Amino acid sequence: MAITLTEAAAAEVKRVLESQQLEPNMMLRMGVAGGGCAGLQYSLGFDAEFDPAVDAKYEQHGISVVARKKMALHLDGATVDFQEGPMGRGFAIDNPSVPRTGGCPGCGHH
């Protein structure tokens with residue numbers, strides 16, 4: 001499993017860590033849950049806990065990114081970026097391992 005954190009995302013994580021005066025051992029934890037028709041729902045948060053028996057850790061641009069190993073299938077190849085534009089600013093997750101089928105056949109959307 002590999003998760004990529006862009007330089008822009010790492011810079012924003014560092015900014016938040018500093019502005020909230022969080023402890024230096026904080027890691028960025030990435031989670032994923034089923035979202036029905038909307039696809040997968042991702043979560044990002046800070047965590048000081050890391051258990052090598054159940055977590056995977058990646059170091060990029062001075063930031064530790066952690067996720068549960070059981071999420072490997074859903075997060076492999078995902079890229080976390082931070083974007084700013086006319087519509088606002090925020091983290092964006094691109095995950096090429098998730099099919100973009102365009103809808104949910106169970107509810108009639110295509």
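The values are calculated or read from the model by the stated rules, or taken from the named source; none is laboratory data. Bear in mind that the values here come from a model prediction, so they are computed numbers and not experimental data. Using ideal geometry, Cβ is built from the backbone for each residue, glycine included, and neighbour counts are taken over all protein chains shown.
Could you pull out the residue among Asp81, Asp76 that is under 11 Å from Ile3 (Cβ atoms) and touching a residue at least 60 places away in the same chain (Cβ under 8 Å)?
Within the list Asp81, Asp76, the selection yields Asp76.
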**Set Val65, Val98, Val80, Val32: member being of a type in the set (Val, Ile, Thr) and modelled with pLDDT under 85** = Val98
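Which ones in region 1-23 are among the basic types (Lys, Arg) and either under 13 Å from Gly45 (Cα atoms) or touching a strand residue (DSSP E or B) at 6+ places or on another chain (Cβ under 8 Å) (or both)? Step through it out loud before you land on a result.
Filtering region 1-23 down to residues among the basic types (Lys, Arg) leaves 14-15.
If the condition is that a residue be among the basic types (Lys, Arg) and either under 13 Å from Gly45 (Cα atoms) or touching a strand residue (DSSP E or B) at 6+ places or on another chain (Cβ under 8 Å) (or both), then Lys14 is the only one that fits.
Only one residue in Ala48, Ala53 is farther than 19 Å from Thr79 by Cβ, out of contact with any Cys (no Cβ under 9 Å at 6 or more places or on another chain), exposed (fewer than 10 other Cβ atoms within 10 Å of the Cβ) and hydrophobic (A, V, I, L, M, F, W, C), so which one is that?
Going through Ala48, Ala53 in turn, just one is farther than 19 Å from Thr79 by Cβ, out of contact with any Cys (no Cβ under 9 Å at 6 or more places or on another chain), exposed (fewer than 10 other Cβ atoms within 10 Å of the Cβ) and hydrophobic (A, V, I, L, M, F, W, C): Ala53.
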